[in-house]
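> Dumping the structure here so I can ask a few things about it.
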Amino acid sequence: MDRRKFLGLGMVALALVPATSLHALDFRKEKPDTWTAQTVDDAIKALYGATATESKDITLKAPKVASNGGAIPVTIKTSIDAKTVAMFQDANPESAVAVWTVPEGGIVNYTTKIKMKKSGTITVIVEDKAGKLHSVKQTLEVALGGCEG
Amino acid sequence: MGNMKIKVKSAGGIAKAKVQAKHEMLTYDAAKKKGKDANFITHIIGKVGDKVVYELSSSQFLAKDPLFKFEFKTDGLKDGDKLEMTWTDLSGATETDAKKIKGLK
């Protein structure tokens, strides 16, 4: 089956799954286009419908050279009073990695491990309470690709 | 149960949590090669009581057995309160695990 179509079907299937009350805000259901967008810009547009300005108030910590692209530790911190935080990269077939919903009064200090197929740039967007977008980028080299091919 | 490793410790009004979920996180590309269906965690939520302290919508590009580290404020929480983590994957499966927050008074 054509891969695009397959993805589309997956989204439909996802939408049919009865929503449990557990999900306060699931961005995969809210903004399905974000997850199929192939460029970082498209993904940001699909998610927020706006463009971001670079900000010094976000700290993005990732290794300059990642020996294992299958598990790259990334830490995001910001002093901005954030509503959501989103992470994208340009090395994989689709660009969106994760979207955090920051709880009221929450602390933005998130670490997770991600996969990158090859060297590329990680872009982090922080949406503040007013809906303004702030971004930060970091380019890193990946020695061994992490998508098992 | 027992699918997740949760460590959560409170000090000075802030709790630091470290959660590792056991999940293959099979991407569409990798799944195709293996002849399986792609499956990965799409949503993970952390709660203390009714209060949401962590929420993430994710794609297939989180690492295998993904790690989540985060912090949250502990005002209003008391000894014995638990951090409850729940994930949902693409197949619709969910797992919930909870752990007592250490260091609360």
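> Give me the 1.4 Å probe accessible area per residue for segment A:56-129, excluding ligands and nucleic acids, in Å².
That works out to 35 Å² for each residue.
> For segment B:4-100, how big is the tail of P(r) above 19 Å, as a whole percent of Cα pairs?
Counting pairs separated by more than 19 Å, the tail of P(r) holds 42 percent.
> Report, as an integer, the average count of C-beta atoms from other chains found within 10 Å of each Cβ along B:26-37.
Counting Cβ atoms of other protein chains within 10 Å of each residue's Cβ and averaging gives 3.
> Okay, next question. I'd like to compare B:18-31, A:95-108: which one has the highest average count of other Cβ atoms within 10 Å, and what's the full order after that?
Descending packing order for the listed peptides: A:95-108, B:18-31.
> Mind checking B:44-55 for the average number of partner chain beta-carbons within 10 Å of each residue's beta-carbon?
Taking all residues of B:44-55 together, the mean is 4.
> How well do other chains shield peptide A:86-98, expressed as the mean number of their Cβ atoms within 10 Å of each residue Cβ?
4
> How large a share of the accessible area of the protein assembly as shown, in percent, is made up of carbon and sulfur atoms when the probe is 1.4 Å and the other protein chains stay in place?
Carbon-and-sulfur percentage of accessible area, whole number: 52.
> Given +1 on the Cβ of Lys and Arg, -1 on the Cβ of Asp and Glu, and no further charges, what dipole in debye does chain B carry about its Cα centre, rounded to the nearest 20?
Dipole of chain B, to the nearest 20 debye: 480 debye.
> Something else about it: For the interface of B with A, what's the total buried accessible surface in square angstrom, probe 1.4 angstrom, rounded to the nearest hundred?
So the buried area, both faces added, is about 3300 Å².
> Another question, if that's okay. So what are the ³J(HN,Hα) numbers for segment B:91-104, from phi and the Karplus equation (6.51, -1.76, 1.60; θ = phi - 60°), rounded to whole Hz, Gly and Pro as x?
6, x, 5, 10, 9, 10, 9, 9, 9, 5, 7, 7, x, 7
> Quick check on segment A:25-148: of the DSSP beta bridges with both residues there, what percent are antiparallel, nearest 5%?
Roughly 90 percent of the beta bridges in segment A:25-148 run antiparallel, per DSSP.
> Taking the protein assembly as shown, how much of its Cα-Cα pair set, in percent, is spaced more than 35 angstrom apart?
In whole percent, the long-distance tail amounts to 10.
> About the Cα centre of the protein assembly as shown, how large is the charge dipole given +1 on each Lys and Arg Cβ and -1 on each Asp and Glu Cβ? Please answer in debye to the nearest 20.
With Lys and Arg at +1 and Asp and Glu at -1, about 780 debye.
The values are calculated or read from the model by the stated rules, or taken from the named source; none is laboratory data. Because the structure is a prediction, the values reported are computed rather than measured. Note that we place each Cβ from the backbone using ideal geometry, even for glycine, and neighbour counts take in every protein chain shown. Ligands, DNA and RNA are stripped out before the accessible areas are found, and what is left, the full protein with its side chains, is counted by its heavy atoms. Shrake-Rupley method; radii C 1.70, N 1.55, O 1.52, S 1.80 Å.
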